[in-house]
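The values are calculated or read from the model by the stated rules, or taken from the named source; none is laboratory data. This structure is a prediction, so every number in the text was calculated from the model and none was measured. Don't worry about glycine lacking a Cβ; one is built from the backbone with ideal geometry, like all the others, and counts go over all protein chains shown. The area values use the complete protein model at the heavy-atom level, side chains included, leaving out ligands, DNA and RNA. Shrake-Rupley method; radii C 1.70, N 1.55, O 1.52, S 1.80 Å.
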Amino acid sequence: MTIISQTAGRSLRPSSSSGFFSTLAIAVYALFDRLERRSAVKTLNELDDRALRDIGITRSQIEDAVYGQFKAELTRYL
């Protein structure tokens with residue numbers, strides 16, 4: 001009778017590459033998220049006060065609105 005192990009040909013050492021790539025993916029996602037939010041802040045800052053008032057924010061609320069700290073105020077208009 002011959003017994004074949006399921007781990008034959010595999011390294012017994014745990015692979016750390018999956019942890020590395022997972023961490024790398026999270027970092028890349030965070031970078032793109034940050035760049036997208038910075039772009040949104042820049043775009044909103046380029047609008048005039050009337051356009052900002054039309055969407056329901058003032059100039060001083062732009063960063064709070066983009067970074068999600070303004071949800072309670074915005075939801076009453078939805």
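Number of residues in the stretch 25-46 that are open to solvent by less than 80 Å² (accessible area, probe 1.4 Å) and either touching a residue at least 12 places away in the same chain (Cβ under 8 Å) or farther than 19 Å from GLY68 by Cβ (or both): the value is 8.
With respect to the stated conditions, GLU36 is modelled with pLDDT of 95 or more and not in a loop (DSSP other than H, G, I, E, B).
Results for (1) modelled with pLDDT of 90 or more; (2) in a loop (DSSP other than H, G, I, E, B); (3) not hydrophobic (A, V, I, L, M, F, W, C), shown as yes or no for each residue.
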residue	(1), (2), (3)
GLY9	no, yes, yes
ARG13	no, yes, yes
ASN45	yes, no, yes
ILE62	yes, no, no
